[in-house]
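All remarks here apply to the structure that follows.
The values are calculated or read from the model by the stated rules, or taken from the named source; none is laboratory data. Quick caveat: nothing in here was measured; it's all calculated off a predicted structure. Heads up, the Cβs are rebuilt from the backbone with ideal geometry, glycines too, and the neighbour counts pull from every protein chain shown. For accessibility, only protein heavy atoms count, side chains too; no ligands or nucleic acids. Shrake-Rupley method; radii C 1.70, N 1.55, O 1.52, S 1.80 Å.
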Amino acid sequence: ADKIKSYTQLSIPNYSFNSGASLGYDFSKRWSLSIGGIYSTIAYTSIYPMINAGIGSDNLYHYKYHSSCGTIEIPNEPNVVLNANSVMQTSITCAQVIKIASLPLLVKYNIAMNRFSFYINTGFAADFIMEEVANISTDADKYTVINHISGLRKTNYSYILKAGIDYKINTGMSIFMEPSFTTSVTPIMQNSYFECYPYSIGINTGMSFHF
């Protein structure tokens, strides 16, 4: 419980980015179904006062940075041999970014009023982790660890809820703005003593074309 509390208190979410496109089919004037592709990131920064050494993927001891999105194995310095009692006692900052490709399947309910339309969009997505990057800084050194984070599931599933407004420019083109809420419905960690369900709140804008 103390470890879980420390992850929550010491991890600070950062602003992230997403972009994508979708293809939809209108069943009626109010109902439609869409499938698409989204690129997004999970980003956060955490600061720990110390980290311990543990057995790494090469069966040698490494300093291991435990985060809410996996365990990061820090490369050893040349000619440095660690053991089970090794401790790095200094302020350690980790900025971690996880890049994700998602395939959402969404149902949309739409109410049109002249040029304006108001809608709700909801559904589920399959999320695939493309890359994991961790930039770790101490008082003396800096490390970049790429795709070497253990305990992170490569495939996850999430729930998406959006509510927006659409303005029709002409018969085939419109612009929209929508607040969105996305939350993982499966834990992104595996073989861990705690479960992590990331969520995000954002505002999306874009253009839509009707054929």
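Net charge within 13 Å of ILE92 by Cβ-Cβ distance, Lys/Arg positive one each and Asp/Glu negative one each, not counting ILE92 itself?
Working: positive: LYS64, LYS142; negative: ASP139, ASP141.
Charge balance in the 13 Å sphere: 0.
What is the Cα coordinate range of the chain on the first, second and third principal axes, sorted by size from largest, in whole angstrom?
70, 30, 29
In whole percent, how big is the carbon plus sulfur part of the accessible area of the range 36-128, probe 1.4 Å, protein atoms only? Show your work: numbers first, answer last.
Details: 2940 of 4670 Å².
Reported share for carbon and sulfur atoms: 63 percent.
Summing +1 for each Lys or Arg and -1 for each Asp or Glu, what net charge is found among the other residues whose Cβ lies under 13 Å from the Cβ of SER40? Present the calculation step by step, with values, prior to reporting the outcome.
Values: positive: LYS99; negative: ASP127, GLU131.
Local net charge: -1.
Calculate the length of the line joining the C-alpha centroid of the range 37-66 to that of the range 168-211, in whole Å.
Answer, in whole Å: 27.
Please give the per residue accessible area of the range 105-201, computed with a probe of 1.4 Å over protein heavy atoms only, in Å².
On the way: 5730 Å² over 97 residues.
Here the per-residue accessible area is 59 Å².
Give me the Å³ per residue figure for the convex hull around the C-alpha atoms of the range 17-101.
Numbers: hull volume 12.4 nm³, N = 85.
Considering the Cα atoms of the range 17-101, their hull volume per residue is 146 Å³.
Given the protein chains as shown and a 1.4 Å probe, how many square angstrom of ILE35 are accessible, to the nearest 10?
The accessible area comes out at roughly 100 Å².
With a point put 7 Å past each Cα toward its Cβ, work out how far TYR199 is from ASN147 in nm, to one decimal.
3.3 nm
Using the Cβ atoms and a cut-off under 12 Å, what net charge is assigned to the surroundings of PRO198, where Lys and Arg are +1 and Asp and Glu are -1? Don't skip to the answer; put the middle values down first.
Details: positive: ARG153; negative: ASP127, GLU195.
Net local charge, PRO198 excluded: -1.
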